[in-house]
Structure formats: C-alpha cells, structure tokens
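The values are calculated or read from the model by the stated rules, or taken from the named source; none is laboratory data. Just so we're clear, the structure is a prediction, and the values are computed from it rather than from any experiment. Neighbour counts run over all protein chains shown; Cβ positions are idealised from the backbone, glycine included.
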Amino acid sequence: MPLDMIPSRNVVVAGSRTSLRLEPEVFAALDDICAREGLTLSALCNHLLAVHDRRTSLSSRLRVYALTYYRAIVQDLERQAPCKAG
C-alpha cells in the first residue's frame with residue numbers, strides 16, 4: 001500500500017500530539033483491543049512507550065502488540081480445546 005494511502009490518526013503521547021500511520025487492519029485490531037481492555041489508543045500508546053524498548057518506533061510496537069495480543073488469545077483457546085491435526 002503506498003504511503004499516501006495508509007491512514008493516519010492523531011494520538012496524545014507523553015502530553016504531545018503525534019500522528020500514527022498504520023494499515024487499516026492494524027487500526028481495526030487496535031480499536032478492538034482497546035474496546036476489550038477499556039483503553040483509548042492514546043493510553044495504549046503511552047503504556048507501550050513506558051514498558052517497551054525505545055529503539056523501535058511506536059508504529060512497530062503497536063503492530064507487534066496487536067500480533068502478540070491475538071496470539072495469546074489463540075494459545076489460551078488451544079489450551080482449552082487442543083486442535084487435533086490430521
């Protein structure tokens with residue numbers, strides 16, 4: 001997806017407004033996670049800045065967080081009802 005087609009959103013991080021550019025699917029996942037956890041996107045961003053490596057961009061941290069969040073759900077489901085292969 002060309003950069004000019006990737007949507008951006010403004011969030012407040014550490015008291016300053018900043019812009020995030022993420023794929024629509026990532027924003028949808030983050031919106032879902034925030035709704036489930038009772039957070040705003042700004043609150044999630046501030047949390048990630050406080051607990052994760054500052055050498056990576058906030059956009060990258062958000063992508064990894066969404067992936068990790070959903071992987072944890074899948075792992076919990078698999079523990080509850082193991083998947084039987086072939």
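Against the conditions (1) in a strand (DSSP E or B); (2) under 15 Å from the mean Cα position of the chain (by Cα), ALA29 satisfies every one except (1). Reported count of residues in region 41-63, each being over 14 Å from ALA14 (Cα atoms) and at pLDDT 95 or above, is 2. Filter region 64-86 down to residues that are modelled with pLDDT under 90 and basic (Lys, Arg) and give me whichever is surrounded by the fewest Cβ atoms within 10 Å (Cβ to Cβ). Once the filter is applied, the top-ranked residue is LYS84. Could you please let me know if LEU44 is in a loop (DSSP other than H, G, I, E, B) and either surrounded by 13 or more Cβ atoms within 10 Å (Cβ to Cβ) or in contact with a helix residue (DSSP H, G or I) (Cβ under 9 Å, 6 or more places away or on another chain) (or both)? Spelling it out, it is not the case that LEU44 is in a loop (DSSP other than H, G, I, E, B) and either surrounded by 13 or more Cβ atoms within 10 Å (Cβ to Cβ) or in contact with a helix residue (DSSP H, G or I) (Cβ under 9 Å, 6 or more places away or on another chain) (or both).
Taking region 11-39, which residues are without any contact (Cβ under 8 Å) to a residue 12 or more places away in the chain and either within 16 Å of ARG61 (Cα to Cα) or of a type in the set (A, V, I, L, M, F, W, C) (or both)? Scanning region 11-39 gives SER19, GLU25, ALA28, ASP31, CYS34, ALA35, LEU39.
Scoring VAL11 on the criteria (1) of a type in the set (A, V, I, L, M); (2) in contact with a helix residue (DSSP H, G or I) (Cβ under 7 Å, 6 or more places away or on another chain); (3) assigned to a helix (DSSP H, G or I) leaves a single failure, condition (3).
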